[in-house]
Structures are given as C-alpha cells and as structure tokens.
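Enquirer: Here you go, one structure.
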Amino acid sequence: MKNKLINVSDVGWESWSHENNYGSDQKHIGDTAGAEKVGVTMEKVAPGMASALAHYHTKEEEHIYAMQGEATLYIDEEPHVFSEGKYICFTANSGVAHKIVNNSDADFIFLVVGNRDTHDVVVYPETNKVLVRSMNEVYDRSPTSYFTNDKEQQEK
C-alpha cells in the first residue's frame, strides 16, 4: 500500500549476520510505508559487530544519522566517533568507502536513507569485490580485456 501512515515501533526487526563480526537488526521503514524510490532503514548494531564491509555506491547517495549510542565510523579506513545526533552523507560515485563498527558495550542505532537505483554498483575495497545491483551478483574486481575469455584462460 502506498502513502501509508505507520508507527515505526510497530515495524519488526529483521536480523542478519555473517560469522561473528558482521550483522545487524533492521527495520525497513520505507518499504513498510510503501516507498518506491527511496530506502529508509533503521539499523541496530550490537556490541562487537560491524554493519557491513567497507563500501561505496556508484549510483546511490547514502545518508546516515546516528540515533542512539556510539560507534566508530570508518571513512576510507580512518576511524571517527559517530554518536547520537551526528549525520553524514556519502554522495554517489564519491569513491569514499565507509563502514560502521560498534566497539562500545551498548547497541548502536542509526537511520540510513538513500535513493534506490537498479543500475547501482557497490564497490567493496576490503575484499576487492563489486555487487552489480541489477543482476544481484557479486564479482571479483579485476581488470580484464573485453575480448578475453576468462574461462579459457583459467583452463590453460
């Protein structure tokens, strides 16, 4: 349903994790209210966890607002205190990689807002991977020739 008035406290938390160091609980507020072009997500990161690998978007602008607690925001690997009331915007195709790590002893809650673009490519410098959003596939980020058949090269 579009144009739906919601109470954020009624939106359930959805959890994800990878191994023991990545994960969060998320409330997909925008989706619940019927948003189509802008994503709005409340995210809760437990102590000792990171919200994602360091990344940047080529087509999507990402706004992050700290709502509760304190975490470390890494901007191109440089740590910054990110606490309640602080805000940052990562413009599309800036090449500025970022991630949030909760090194405190309490949950850290923040709001993420950004446009949705099916042509977005998410770059992960830490693992040298890219996510091609339109295909929902992750690839190694390695230069190659347009005419090179990578399968033939691997078989040799």
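The values are calculated or read from the model by the stated rules, or taken from the named source; none is laboratory data. Source: prediction; values computed, not measured. Methodologically, a virtual Cβ is constructed for each residue, glycine included, from the backbone with ideal geometry; neighbour enumeration extends over all protein chains shown. Areas reflect the complete protein model, heavy atoms only, side chains present, ligands, DNA and RNA absent. Shrake-Rupley method; radii C 1.70, N 1.55, O 1.52, S 1.80 Å.
Enquirer: From the residues A50, N93, V113, which one has its Cα farthest along the dipole of the stretch 2-128 in the positive direction, the dipole being from +1 and -1 charges on Cβ of Lys/Arg and Asp/Glu about the Cα centre?
Expert: Highest projection toward the positive end goes to V113.
Enquirer: Looking at the square roots a ≥ b ≥ c of the eigenvalues of the Cα gyration tensor of the stretch 26-93, which shape do they give, rounded for a/c under 1.5, prolate if a/b is larger than b/c, or oblate?
Expert: Taking the square roots of the gyration eigenvalues as a ≥ b ≥ c, the stretch 26-93 is oblate.
Enquirer: Another question, then. Which loop-located trypsin sites (Lys or Arg not before Pro) does the stretch 66-144 contain, where loop means any DSSP state but H, G, I, E or B and the Cβ has at most 13 other Cβ atoms within 10 Å?
Expert: Hits after loop and neighbour filter: R141.
Enquirer: Also: Run the accessible area of the stretch 24-156 with a 1.4 Å probe and give the carbon-and-sulfur part as a rounded percent.
Expert: 50 percent
Enquirer: Taking a probe of 1.4 Å, how large is the accessible area per residue of the chain, in Å²?
Expert: 64 Å²
Enquirer: Shifting gears a bit: Taking every alpha carbon pair in the stretch 8-151, what does the distance histogram look like in 10 angstrom bins from 0, in percent?
Expert: In whole percents, the pair-distance histogram is 11, 38, 37, 10, 4, 0.
Enquirer: Quick one: in the stretch 66-107, what % of C-alpha pairs are over 12 Å apart?
Expert: Beyond 12 Å sits 59 percent of the P(r) for the stretch 66-107.
Enquirer: Let me have the relative contact order for the chain, percent, based on Cα pairs under 8 Å that are six or more residues apart.
Expert: Over the chain, the number comes to 22 percent.
Enquirer: Let me ask another. Taking chymotrypsin sites (Phe, Trp or Tyr not before Pro) as candidate sites, keep only those in a DSSP loop with at most 14 other Cβ atoms within 10 Å, then name the longest stretch of the chain containing none of them. The partial results should precede the final answer.
Expert: Working: sites that count: W13, Y146, F147.
It runs 14-145.
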